[in-house]
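A short write-up of the structure that comes next.
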Number of protein chains: 4
Amino acid sequence: MLKVGIIGATGYTGSELVRLLHFHPEAEIEFITSESHKGKLFSDIHSQFKGLADIELKSVDEIEAERVDVLFLALPHGVSMEFVKKFINYDVKIIDLSGDFRLSGKSIYEEWYNKAHSFEEGFSKAVFGLPELWIEEIALAKLVANPGCFPTGAILTTAPLVKSKLIDNTRIVIDSKTGVTGAGIKAKEVTHFPNVNDNFKPYGVKYHRHTIEIQEQLSKVGDNETTIQFTPHLLPIDRGILTSAYLFPNKKISEDELKSIYEDFYKDSYFVRIIDQTPEVKNVRGTNFADIYPAYDERTNTILVFSAIDNLVKGASGEAIQNMNLMFGLKEQTGLNQIPIKP
Amino acid sequence: MLKVGIIGATGYTGSELVRLLHFHPEAEIEFITSESHKGKLFSDIHSQFKGLADIELKSVDEIEAERVDVLFLALPHGVSMEFVKKFINYDVKIIDLSGDFRLSGKSIYEEWYNKAHSFEEGFSKAVFGLPELWIEEIALAKLVANPGCFPTGAILTTAPLVKSKLIDNTRIVIDSKTGVTGAGIKAKEVTHFPNVNDNFKPYGVKYHRHTIEIQEQLSKVGDNETTIQFTPHLLPIDRGILTSAYLFPNKKISEDELKSIYEDFYKDSYFVRIIDQTPEVKNVRGTNFADIYPAYDERTNTILVFSAIDNLVKGASGEAIQNMNLMFGLKEQTGLNQIPIKP
Amino acid sequence: MLKVGIIGATGYTGSELVRLLHFHPEAEIEFITSESHKGKLFSDIHSQFKGLADIELKSVDEIEAERVDVLFLALPHGVSMEFVKKFINYDVKIIDLSGDFRLSGKSIYEEWYNKAHSFEEGFSKAVFGLPELWIEEIALAKLVANPGCFPTGAILTTAPLVKSKLIDNTRIVIDSKTGVTGAGIKAKEVTHFPNVNDNFKPYGVKYHRHTIEIQEQLSKVGDNETTIQFTPHLLPIDRGILTSAYLFPNKKISEDELKSIYEDFYKDSYFVRIIDQTPEVKNVRGTNFADIYPAYDERTNTILVFSAIDNLVKGASGEAIQNMNLMFGLKEQTGLNQIPIKP
Amino acid sequence: MLKVGIIGATGYTGSELVRLLHFHPEAEIEFITSESHKGKLFSDIHSQFKGLADIELKSVDEIEAERVDVLFLALPHGVSMEFVKKFINYDVKIIDLSGDFRLSGKSIYEEWYNKAHSFEEGFSKAVFGLPELWIEEIALAKLVANPGCFPTGAILTTAPLVKSKLIDNTRIVIDSKTGVTGAGIKAKEVTHFPNVNDNFKPYGVKYHRHTIEIQEQLSKVGDNETTIQFTPHLLPIDRGILTSAYLFPNKKISEDELKSIYEDFYKDSYFVRIIDQTPEVKNVRGTNFADIYPAYDERTNTILVFSAIDNLVKGASGEAIQNMNLMFGLKEQTGLNQIPIKP
């Protein structure tokens, strides 16, 4: 039985880790920390857990990290790097859900995050935790940088084509739409109900920092400099990311050929479902699945690929547990076979 | 391992039964029927189940009911009674999710449902399947009439007080608010998105047929003729029933005393959580829990009790499985320890 | 042409005043103030007004209050009283949208608002601005205390019966449900989208401060001490209040008789629509209408009255303009004949 | 005063025509027809109009079309062509809100609508009613084919660039997101609340019939064969279309230059607001405005243009009234200066 520690309990990734780990047959939670709420119960902060996870929250100073096999860091970026630095020499594996170690290095991080990075050594140790791409590296990793929610959706949607070399990899349009939980648990003007409800808008146009994360990973998959245009939009829903990608093939292709590329690429990926109709976010709600629908429009010689994930599960905490499973030799779906809550 | 048959697969209660039974450690689905979709896969009808429940749907004429231990009837009222009649002499227990056998008899049914009843003998055999009230009777039952969603919420909210004799049981106001799934899976004008979204209204004022179901059960619990005023309202949400009940005590009472009445009444009920703050429907979403908050306003000498349930789980399919557990000697929570999906 | 000044521009009541005054044929906005945004345009704060109300915001220190005929105070309670004190001796009528002068006096205010009141003289000058009750007093008023949103809904729903003396005025249950804009424009935890969406809950149980406002007004209308039980609930919608009231008649009554009581009471009230079916909040959205549906349940000898208003219009800014019209001898509906936005 | 007749009253375009014409200072409604509801009041069908538009609905056989100056046809496509044929020789102008005469001819119509067209002569008489493009032609038209909702959004978003010849007009990606009212007033599975709420998905991929309407108009504007990739998505909101367009310039361009192209193109267009931030659908709700935000990403050499309209107003009934104004020599904004309902 794996012993698990969770650093940071007050956000959505923290509460989803607890929801999913609760039923994990091979893991149990040893401690959860929160500096702002230490001494309270986890269920005081997340009231839905009353009677289910009445665990007392500890300060990070009170815990003994060596007692666990794996630490999940569910912290804001900029904060997380300090804890990675602190725990990296302990005999414990680390899964960092922040953005602090997802990019290739310090300078690119500082450019896109507009923030100084205090632990450069971490970059070389970190493995990008997208199991559908890097399953072998993850299995050996000491430190996993869990992908961003948009990047998980965008990369899964386009990687098979980028790798195939059949498309123009300098012109990839990724039009993403996310639920509000992507903005975190803290109330802000942008998440104020009347600003979101019955509304819809793009944001972060041109400069969203997930752009570089997607680009770096696709460039690595395709072994070729890849350029993407990434635009997020805010949906009036809680959970879910729908990615619409437009790619331009070098020559005509058939839809069957296209579908084969996806099925081959994901033939060993339990959580990817290649489907024959447009995906919808409610079909994956609460689960670690990614539904992908590739289509080809002969009229315009354009490939369209659509995917749906739950941003808090496959886009965060579920993927983190999938990574944990791989890091400890378990089947990737262990504890992650939830059924979508629909409706 | 219990073998389970589900008659009727296309509605929400059918899909929730499959979602919940999928992980039940002591039960497995033997067949699912659908007359309108026979030959298709269950996941063709409920696309979220793709890869998870690709079960071929049978006609009821194709199945062998004797091969299962328990049959769930997930059918419309008026239709269900025919299947109860058909299967009642088989060696199989029956849990009927329709309204056909919840009331005390044929005449009261015909008055409130405005429909002829074709199987009067069923009423005497049926046990009302609210485990928090009738756990012993359910354990011995051959036929369980699973309660309506509003009645589950309303009865749990008020039964302890009705039984206590401390209130005026001729004047109980029950103001209920439900999510749209209570209206079923079939598109109707009342469930058309623009008619519900950003809207709210009461309906079924004075005459909603759940009124009599609630009244009969409370009269039985209190062993005294009880009268309720029940008004449902339609919320722009998928799932959940919030019940607000107003009751008038015969004499002053303290809030502690009130809370004790509830805690005592539900001391053995795993799924009832007596809480210290107002309940919210998202705190029980996807689960079989009922959160109840009793309060007393000394200024007006009025008792206020609020509760939240998921209408599709505790108000339908979860409660049905809870009944199955009891009918077969299992712990009531077996397979039903889901954690609320929130947010 | 009336000249209008608006003190406080950043909230929803401010933006609704501008929306409605924009087309008022007998009034024009002379200035709008905002301390936090002075120098910016009104349309910088409320972006929907771009090109429509690009009015520069002033500090209150920059404006000349004497240049206008009427001042609307769209300020938080506790703040508004200072401005009433400041402007009360100017030759300008004042309509205060806050709660600072709605109650009968300083001590009751301090008890329910838990806050010191700094301008006791204001209470005797203020007229409660519910035109359907106090049209003559409003016409003569120098200072109008515009009612709260819940009180507008609750009082309109019950006043005809309270006045009729046909009911038990010590036991009135008012179960109200409001849209989120009632909580104001500022982001808070309670208005964070994932906390509201697909959710529903009561709040302010027993102690909501609108209780006393409703009670005082009903006591005045009925000329008799009246006691109400008021419970607000939070709907996942932007606008609208649905009030469900339960009243107990002293003796049996007919539904026709009941309807006559309402029609008589409101026979001169342009904005009240007595309807024959349950009201819905979308039917009044964006308008100053109040739809009221009275019903009688002979089975239980209970009167049920349901009403719908837009909390930002009839519950705030529309009612304020209705009051302005009356204070200046205009027809009450001048500039207020919007048609509901539905869907 | 123009006399107006409306053929077809039961849909959303019919109810929006009445909402907007109600306050039109130069037009009045002479009759409204409905075959399915003749004899009832308009406010029986659209309950929000009670007391505001209690107009008796007529059969089309009862009306005298010659008595009006203009007929609005608010009918389904396939039905509308019969009425155009019937009324084309009357001395009355016709504004057809259906898709029956928007395309260039019968064969292209039959290909994309998969339906026989019974009035080929109509195509040569019809003017495409997008005033921002064809204001002079509309002024002289006898028959206006009012544009589709998606085409209005998509064409306004891209026409200035297509005309500029600065982009590759064979590769234009248009990713559109619409509110549910675009699917009409009739309840269908796709508009069933639980299928839409908290959900999001693309539909009509590759083959949506608005594709050809957009392409034909852009080809005409640019005087060059233009190819677009159009993908609609369904938002869980009532109203609004957000269009995200991706275009590829032939050479580098500056953002200022880009903005100038848009401001020049729309310099005489009252309803187009070129804005400096991402548009949101709530900023135009209930109005005839189109908010457009053009941006240029130098990193990828891609132009991104985003726009927001209300699909029922600028995308249907408001645009129809704008066309009416132009056909009768009125200013285009007459009667159309509503302020957005936000929140």
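The values are calculated or read from the model by the stated rules, or taken from the named source; none is laboratory data. Predicted model only: the values in this text are computed from it and were never measured. FYI the Cβ positions are ideal-geometry reconstructions off the backbone, even for glycines, and counts take in every protein chain you see. Keep in mind that these areas ignore ligands, DNA and RNA; they rest on the heavy atoms of the full protein, side chains included. Shrake-Rupley method; radii C 1.70, N 1.55, O 1.52, S 1.80 Å.
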**Request:** Give me the compactness ratio for region B:225-343, meaning the Cα radius of gyration over 2.2 N^0.38 Å.
**Result:** 1.16
**Request:** Using the 7 Å Cα-to-Cβ label point, sort the distances from C:G329 to its equivalents in the other copies shortest first and give them in nm to one decimal.
**Result:** 4.0, 9.1, 9.4
**Prompt:** Based on the inverse mean of 1/r over its pairs of different Cα atoms, what is the Kirkwood hydrodynamic radius of region A:7-145, in Å?
**Reply:** 15.8
**Item:** Euclidean distance between Cα centres, region D:188-251 to region C:175-235, Å
**Value:** 42
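Nearest 100 Å², what total accessible surface is buried between chain B and chain A (probe 1.4 Å)? Provide the component values of the computation, followed by the final result.
On the way: alone 15290 and 15300 Å², together 27700 Å².
So the buried area, both faces added, is about 2900 Å².
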**Request:** Would you tally the net charge around A:L140, using a Cβ to Cβ cut-off of less than 14 Å, leaving A:L140 out, and scoring K and R as +1, D and E as -1?
**Result:** +1
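Using per-residue counts of other Cβ atoms within 10 Å, averaged over each peptide, order A:304-316, C:265-277, D:278-290 from highest down.
My ranking of the peptides, most packed first, is A:304-316, D:278-290, C:265-277.
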**Message:** Can you tell me what share of the DSSP beta bridges in chain D is antiparallel? A percent to the nearest 5 is fine.
**Reply:** 45
**Complete:** Sorted largest first, the C-alpha extents of region C:114-155 along its principal axes in whole angstrom are 30, 25, 9
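Using a 1.4 Å probe on the protein heavy atoms, what percent of the accessible area of chain D belongs to carbon and sulfur? Numbers along the way, then the final one.
Numbers: 5190 of 11250 Å².
With neighbouring chains kept in place, the figure for chain D is 46 percent.
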**Message:** Quick check on region A:107-259: of the DSSP beta bridges with both residues there, what percent are antiparallel, nearest 5%?
**Reply:** 50
**Item:** Relative contact order (%) - region A:20-85, alpha-carbon pairs under 8 angstrom, separation at least six
**Value:** 25
**Prompt:** So which of A:K50/B:K282; C:K163/C:K251; D:K177/D:K314; A:K267/B:K50; A:K206/D:K342; D:K85/D:K106 end up more than 19 Å apart by C-alpha?
**Reply:** A:K206/D:K342
**Prompt:** According to the Cα gyration tensor, what semi-axes, each the square root of 5 times an eigenvalue, does the equivalent ellipsoid of region C:256-316 have, listed from largest to smallest in whole Å?
**Reply:** 23, 14, 8
**Two-decimal ratio, region A:73-159, of alpha-carbon radius of gyration to 2.2 N^0.38 Å** = 1.04
**Item:** Ratio of Rg to Rh over region C:24-69 (Cα coordinates, Kirkwood Rh, two decimals)
**Value:** 0.99
**Fill in**
Ordered by number, the residues of region C:184-203 that have at least 50 Å² less accessible area in the complete protein assembly than on their own chain alone (1.4 Å probe) are C:A187, C:H192, C:F193, C:P194, C:N197, C:D198, C:N199, C:F200, C:P202
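Grab the other residues whose beta carbon is less than 13 angstrom from that of D:D264, score K and R as +1, D and E as -1, and report the net.
Numbers: positive: D:K163, D:K259, D:K267; negative: D:E132, D:D256, D:E257, D:E263, D:D268.
Cβ neighbours under 13 Å give a net charge of -2.
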**Message:** Given all pairs of different Cα atoms, what value in angstroms does the Kirkwood hydrodynamic radius of the protein assembly as shown take?
**Reply:** 33.2
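Pairs of Cα atoms under 8 Å, at least six residues apart: use those to get the relative contact order of region B:142-263, whole percent. Each step should come with its number before you reach the end.
Values: 184 pairs, mean separation 53.8, N = 122.
For region B:142-263, the relative contact order is 44 percent.
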**Prompt:** Mind listing which trypsin sites (Lys or Arg not before Pro) in region C:77-120 are in a DSSP loop and have 15 or fewer other Cβ atoms within 10 Å?
**Reply:** C:K115
**Request:** Convert each backbone phi in region A:50-66 into a coupling constant with the Karplus relation 6.51 cos²θ - 1.76 cosθ + 1.60 (shift: θ = phi - 60°), then list the ³J(HN,Hα) values in order as whole Hz, x for Gly and Pro.
**Result:** 3, x, 10, 8, 8, 8, 6, 7, 10, 6, 4, 6, 8, 8, 10, 4, 5
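How much area per residue is accessible in region B:195-278 when the probe is 1.4 Å and only protein heavy atoms are counted (Å²)? Could the numbers behind the result be given before it?
On the way: 3030 Å² over 84 residues.
Per residue, region B:195-278 has an accessible area of 36 Å².
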**Item:** Exercise: per-residue mean of other protein chain Cβ atoms within 10 Å, B:224-236
**Value:** 4
**Exam field: A:K142 pseudo-label spacings to other copies (7 Å along Cα-Cβ), nanometres** = 6.9, 8.0, 8.5
**Request:** Take the alpha carbon atoms of region C:1-50, find their center, do the same for region C:261-340, and report the distance between the two centers in whole angstrom.
**Result:** 25
**Request:** May I ask for the angle, rounded to the nearest 10°, between helix A:255-265 and the longest principal axis of chain A, with both axes built from Cα atoms and the value confined to 0 to 90°?
**Result:** 30
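Under the definition of Cα pairs under 8 Å and six or more residues apart, what whole-number percent is the relative contact order of chain C?
Values: 757 pairs, mean separation 59.6, N = 343.
Relative contact order of chain C: 17 percent.
With a sphere of radius 11 Å drawn around the Cβ of D:G8, what net charge do the other residues whose Cβ falls strictly inside it have (Lys, Arg +1; Asp, Glu -1)?
-2
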**Asked** Share of antiparallel DSSP beta bridges in the protein assembly as shown, in percent to the nearest 5?
**Response** 45
**Request:** For chain A, with a Gaussian network of springs between Cα atoms less than 10 Å apart, report the residue from A:P202, A:P160, A:P194 with the top mean-square fluctuation.
**Result:** A:P194
**Complete:** One decimal, nm, nearest first: from D:K251 to the same residue in each other copy, label points 7 Å out along Cα→Cβ, the values are 3.3, 9.5, 9.6
**Asked** Expressed as an acute angle from 0 to 90° and rounded to the nearest 10, what is the orientation of the C-alpha long axis of helix A:149-164 relative to the principal long axis of chain A?
**Response** 40
**Complete:** Two pseudo-spin positions, 7 Å from Cα along C-beta at B:E26 and at A:S107, lie apart in nanometres by 6.5
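For a distance above 34 Å, tell me the whole-number percent of Cα pairs in chain C that qualify.
Working: 12547 of 58653 pairs.
Every Cα pair in chain C considered, those over 34 Å come to 21 percent.
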**Request:** Taking the Cα atoms of region B:196-281, report the difference between the largest and smallest coordinate on each principal axis, in whole Å and largest first.
**Result:** 40, 30, 27
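Once you average over the residues of A:272-285, how many Cβ atoms of partner chains fall within 10 Å of each Cβ?
Numbers: counts 1, 3, 0, 3, 1, 6, 8, 4, 10, 4, 12, 7, 1, 5.
Averaged over the peptide's residues, the number is 5.
Provide the convex hull volume over Cα atoms per residue for region A:29-101, in Å³.
Numbers: hull volume 6.9 nm³, N = 73.
Per-residue hull volume (Cα only) is 94 Å³.
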**Item:** J(HN,Hα) series, region A:75-89, from Karplus relation 6.51 cos²θ - 1.76 cosθ + 1.60, nearest Hz, glycine and proline x
**Value:** 10, x, 5, x, 8, 4, 4, 5, 6, 4, 4, 5, 9, 5, 9
